[in-house]
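Throughout, read-outs are computed from the coordinates displayed, never taken from laboratory work. What you see is a predicted model; the values in this text were computed from it and never measured. Virtual Cβ from ideal backbone geometry, glycine too; neighbours counted across all protein chains shown.
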Amino acid sequence: MIDTHQPGPPTGTARSILTRRVVAIFVGLVAGTLLFLEINPLVDLFLRADPTLQGTFSFLNARPFLTVAAHTALVAIAVHRFLASASSVEATRGPARICYAVLAAELLTIVPCVVARDALCGVFYVFVSPFTAIAILLGFAVLLAKSGSRALIAGSAFALLLMIAAGFGAYRYITPKSPAECVRIAEPVKQDACRMNFALQASDAELCETIVFDSSRWSCTYQIAERKGDPSLCERIALPCRFRSPGLACDPDRYRNTCLLVVARKLRDGSLCARMAEGEFRTRCLEQAR
């Protein structure tokens, strides 16, 4: 009698495959969740893109792009590790483990939000995530080179082209091109940020007056006053407040003094300090206007 039973893989191998696939599923779910959470900041960035970035594009401005790309790459790694052949899995073990370790470090920065849930709980993630994203993308590039998988390379190229196309489309249809288009933004605070950045780009103090929230309007005014070296703009910072609430939300004296200080410093004109009441700001003004 012929034994037609085919022996399965050794128990150790089967356990290794199961462990790898469970880890891949976990990584894919975590990366997918982070990817979903980064969509809103990315949309916000397009709402504040050119010209509302005032001609600059800092490392933190690039953060949502980097994290979306990195977490997309992690999802691709997870899929590859789940489906790949034994030889490809072995060849990519090193870079995959590095990417997993970086993801674990990234998750540690989110722990404060799980424990405390206060307004600043995500500050560590915001500052660390650009660097972890770059590390993940570099690891993914090495993995891509070692994998020998045409499907992974083709899929990655398609995903990159798709993200580029989505970026151009978002810029075309989402990004405000004039101050009037800021009204398309639903949230009042983001509307004000949009108007403020147009005003700063054009150094237009009149546009600052269209900003609703007092602190944002006055901040806009004193920045333009500093750029133009025009202390007369500081006189626009005064009562009444449009929104009365405790703290800096309605503190025109503080913003007016700040305005006079930055203009006096730029012009080296200590006489502007005399417009302030005696106190900390006046002392600082006299020191910095020398």
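Output the DSSP H helices from the chain with an along-axis C-alpha extent of no less than 27 Å and a mean Kyte-Doolittle hydropathy no less than 1.0.
On the way: long enough: 11-47 (54 Å, 1.31); 63-83 (30 Å, 1.18); 123-147 (35 Å, 2.00); 150-173 (34 Å, 1.28).
Helices meeting the span and hydropathy rule in the chain are 11-47, 63-83, 123-147, 150-173.
Can you give the convex hull volume per residue for the Cα atoms of region 11-173, as a whole number of Å³?
In region 11-173, the Cα hull volume divided by residue count equals 115 Å³.
Magnitude of the Cβ-charge dipole of region 164-226, K/R +1 and D/E -1, about the Cα centre, nearest 20 debye?
Its charge dipole is roughly 360 debye.
Is it possible to state the helix-based mean residue ellipticity at 222 nm for the chain, with each DSSP H run of 4+ residues giving -39500 (n - 2.57), the sum divided by total residues, to the nearest 500 deg cm²/dmol? What is it? Each step should come with its number before you reach the end.
Working: 12 runs with 193 residues, N = 290.
Here the helix-only value at 222 nm equals -22000 deg cm²/dmol.
Based on the Cβ-Cβ distance of Asp204 and Val43, what FRET efficiency does E = 1/(1 + (r/R0)^6) give at R0 = 22 Å, to the nearest 0.05?
Efficiency for this residue pair is about 0.25.
Considering only the other residues whose Cβ falls under 13 Å of the Cβ of Phe82, what net charge follows from Lys and Arg at +1 and Asp and Glu at -1? Intermediate values should be presented prior to the final figure.
Working: positive: Arg20, Arg21, Arg81; negative: none.
Result for the local shell: +3.
With only Lys, Arg, Asp and Glu charged, each at its Cβ (+1 for the first two, -1 for the last two), find how big the charge dipole of region 179-290 is about the Cα centre; round to the nearest 20 debye. Each step should come with its number before you reach the end.
Numbers: 18 positive and 16 negative charges, 42 e Å.
So the dipole magnitude of region 179-290 works out to roughly 200 debye.
Report P(r) for region 179-288: all Cα-Cα distances, bin width 10 Å, range 0 to the bin holding the largest distance, values in whole percent.
16, 44, 31, 9, 1
In whole angstrom, how long is each semi-axis of the equivalent ellipsoid of region 106-205, when you take the square root of 5 times every eigenvalue of its Cα gyration tensor and sort them from largest down?
Numbers: eigenvalues 239, 120, 27 Å².
Sorted largest first and rounded, they come to 35, 24, 12 Å.
Distance between the C-alpha centers of region 178-197 and region 266-290? Whole Å please.
Using only Cα atoms to place each centre, the spacing works out to 34 Å.
About its Cα centre, what dipole magnitude does the chain give when the only charges are +1 on Lys and Arg Cβ and -1 on Asp and Glu Cβ, stated in debye to the nearest 20?
Numbers: 31 positive and 23 negative charges, 97 e Å.
I would put it at about 460 debye.
Aspartates and glutamates near Lys228 by alpha-carbon distance under 17 Å, same-chain residues fewer than 8 away left out - which ones?
In chain and number order, the partners are Asp204, Glu206, Glu209, Asp269.
If you average 1/r across every pair of different Cα atoms in region 137-179 and take the reciprocal, what Kirkwood value do you get, in Å?
One decimal place: 12.3 Å for the Kirkwood radius.
Could you please rank Met276, Met196, Met163, placing first whichever residue has the fewest other Cβ atoms within 10 Å of its Cβ?
Met163, Met276, Met196
Quick one: Debye curve from the alpha-carbon atoms of the chain only, equal weights, vacuum; give me log10 I(q)/I(0) at q = 0.09 Å⁻¹ to two decimals.
Computed log10 I(q)/I(0) values: -0.63.
Given the C-alpha centroids of region 17-41 and region 130-152, what is the distance between them in whole angstrom?
Between the Cα centres of region 17-41 and region 130-152 lies a distance of 16 Å.
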